[in-house]
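K.L.:
Structure incoming, see below.
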Amino acid sequence: MQRERGPVRVSPARAAVVGHPIGHSRSPDLHRAAYAVLGEDVDYDAHDLVEEQLPAFVDARRGDPAWRGLSVTMPLKSAAAACADELTELGAAVGAVNTLVFRPDGTVLGHNTDVAGIVGAVRAAGPVPAAPRAAV
């Protein structure tokens, strides 16, 4: 009996950050360094896109076995949510996503990791003493 196999993944994998402007982004350097430490073969680059260009960019990568996902920065986070076939609960609640995951079946999942990052930063900073108040 032959087992049915899922889509074949191509190496190296591809991923990118999208936004406008994007030239200042350190994401490619940070992601490449992380992938190197993890021993992952991933090409990660940056694409300068405006909102009108994002849907075609996402659609061109659907079903491509090399593409894993996109990091999304401003001003594309709301547009990215509209490009997704499915949103995580948090992505749907916020209405904006900073991560698009290309699934092997050609669908795209949108997720928001910004909220957890902000909450974590505020918690790490600790409570801020209340400012003195005066009334005249």
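K.L.:
If you work out Rg/Rh (Cα atoms, Kirkwood Rh) from the coordinates, which of (i) 1.02; (ii) 1.17; (iii) 1.11 do you get?
P.N.:
The value computed from this structure is option (iii).
K.L.:
So with the 1.4 Å probe, I'd like the accessible area per residue for the chain, rounded to whole Å².
P.N.:
On the way: 8900 Å² over 136 residues.
Each residue of the chain exposes 65 Å² on average to a 1.4 Å probe.
K.L.:
Counting only helical runs of four or more DSSP H residues, what would the 222 nm mean residue ellipticity of the chain come to if each run contributes -39,500 (n - 2.57) and the total is spread over all its residues? Kindly include the intermediate steps, with their values, before the conclusion.
P.N.:
On the way: 5 runs with 45 residues, N = 136.
It comes out at -9500 deg cm²/dmol, rounded to the nearest 500.
K.L.:
Hey, can you grab everything whose amide H is under 5 Å from the amide H of ASP48? Only 5+ residues off in sequence or another chain; H modelled, so Pro and N-termini drop out.
P.N.:
Placed amide hydrogens put nothing under 5 Å from ASP48.
K.L.:
Let me ask something else. Using a Gaussian network model of the chain with C-alpha springs under 10 Å, which one of ALA56, ALA124, ALA15 is most mobile by mean-square fluctuation?
P.N.:
Per the Cα network of the chain with a 10 Å cutoff, ALA124 tops the list.
K.L.:
Using Cα pairs closer than 8 Å and at least 6 residues apart in sequence, work out the relative contact order for the chain, in percent.
P.N.:
Value for the chain: 22 percent.
K.L.:
Please give the solvent-accessible surface of LEU90 in Å², to the nearest 10, using a probe radius of 1.4 Å with every protein chain present.
P.N.:
60 Å²
K.L.:
Ignoring ligands, DNA and RNA, what percent of the 1.4 Å accessible area of the chain is carbon and sulfur?
P.N.:
Roughly 57 percent of what the probe reaches on the chain is carbon or sulfur.
The values are calculated or read from the model by the stated rules, or taken from the named source; none is laboratory data. Small disclaimer: the values here were computed from a predicted structure and weren't measured. The protein model used for the area step is the full one, side chains on, heavy atoms only, and it has no ligands, DNA or RNA in it. Shrake-Rupley method; radii C 1.70, N 1.55, O 1.52, S 1.80 Å.
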